[in-house]
1. Just the residues that are over 27 Å from ARG270 (Cβ atoms), touching a residue at least 60 places away in the same chain (Cβ under 8 Å) and β-branched (Val, Ile, Thr), please, taken from the stretch 174-219.
2. Check every one of the strands (runs of 3 or more DSSP E) wholly within the stretch 147-257 and list those with 1 or more residues that are aliphatic (A, V, I, L, M), surrounded by fewer than 19 Cβ atoms within 10 Å (Cβ to Cβ) and over 16 Å from the mean Cα position of the chain (by Cα).
3. Give the residues of the stretch 80-110 that are among the polar types (S, T, N, Q) and without any contact (Cβ under 8 Å) to a residue 24 or more places away in the chain, sorted by residue number.
4. Kindly indicate which of ASP109, ASP3, ASP68 is modelled with pLDDT under 95 and over 19 Å from VAL211 (Cβ atoms).
5. For the stretch 225-281, how many residues are among the acidic types (Asp, Glu) and within 16 Å of ARG173 (Cα to Cα)?
6. Please go through the stretch 258-281 and pick out each residue that is aromatic (Phe, Trp, Tyr) and either surrounded by 15 or more Cβ atoms within 10 Å (Cβ to Cβ) or touching a residue at least 24 places away in the same chain (Cβ under 8 Å) (or both).
Amino acid sequence: MEDVIRAAVVQCAWTGSKDSMVEASLSLARKAADQGAKVLCFQELFYGPYFCQVQDSQFFEYAETVPDGPTISRMISFARETGMVLVVPIFEIEQPGLYYNTAAVIDGDGSYLGKYRKHHIPQVEGFWEKYYFRPGNLGYPVFDTMVGPIGVYICYDRHFPEGWRALGLAGARIVFNPSATSRGLSAYLWDIEQPAAAVANEYFVGAINRVGVESLGANDFYGSSYFVDPRGQVVGGDRGSDTSDDVVVRDLDMGLLKQVRHTWAFYRDRRPDSYGGLCTP
């Protein structure tokens, strides 16, 4: 595994169609590849609008199978072409009437490694996700990729510390959190939760957000995608644009993980024997 990993995240405004959204996202991803990125994550439900702003059955047509659907098949070819590990969040259909908010993970040689299904599903104004998605049922997998072990946690998941910790216990060195979060109620948490998770669990976090206002609702997605290190510092010191498409490419120094874990022995000092009550419904 490399000591320094060049990683990237892509934020992209809705283009108006699925095909054009895939093309726009791939164009941005190619810029990251040209800069030497070895692992990249797209935004939540990347190839469509954030349709959960409304409850409308027409959007079930956006769902695809994983991994043999057209979008993941396209991404497998793209990973093989560029040598990048890809995290690809899409709307998954398992069978008619059974859908998930899912991220597929593809290795740099085009191998499909598996998928993560979003566990925590909101149902509030502008985020009507329970209408579309069943809660994830595949646990918190960590994927052994060409850049080392990575994990995925999707959007609303980030408010729940248990999954972050599960990914750390399973050995993740980088965790990607593709999101669709808008200005307003939770915007201030964007600058708090991922750095806090990176510190508490001693790994890097890639935070990815959609950008722009879409015609389906009033949500103003503010981008501002970034990487944060296990000391809680934003890598490179700045974030992506808060108004337009952007590619954030950063070098993640894996040597910092060892330094931090020697300084703050959070995993050594855990007391799981005292946490049983946390799992009581």
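1. Here is the first cut: in the stretch 174-219, the residues over 27 Å from ARG270 (Cβ atoms) are 178-188, 190, 208-219.
Next cut, touching a residue at least 60 places away in the same chain (Cβ under 8 Å) only: 178-180, 208-212, 214-219.
ILE208, VAL211, listed by residue number.
2. Ranges flagged: 211-213.
3. Just the residues of the stretch 80-110 that are among the polar types (S, T, N, Q), to begin with: 82, 95, 101-102.
Listed by number, the list holds a single entry, GLN95.
4. Values: ASP109 fails: modelled with pLDDT under 95; ASP68 fails: modelled with pLDDT under 95.
Selected residue: ASP3, the only one of ASP109, ASP3, ASP68 that is modelled with pLDDT under 95 and over 19 Å from VAL211 (Cβ atoms).
5. Start the filter on the stretch 225-281 by keeping residues that are among the acidic types (Asp, Glu), which leaves 229, 238, 242, 245-246, 251, 253, 269, 273.
With the extra rule that they be within 16 Å of ARG173 (Cα to Cα), the set shrinks to 229, 251, 253.
Total satisfying the criteria: 3.
6. Listed by number, the residues that qualify are TRP264, PHE266, TYR267.
The values are calculated or read from the model by the stated rules, or taken from the named source; none is laboratory data. Everything numeric in this text was worked out from a predicted model, so none of it was measured. All Cβ positions, glycine included, derive from the backbone under ideal geometry; neighbour counts span all protein chains shown.
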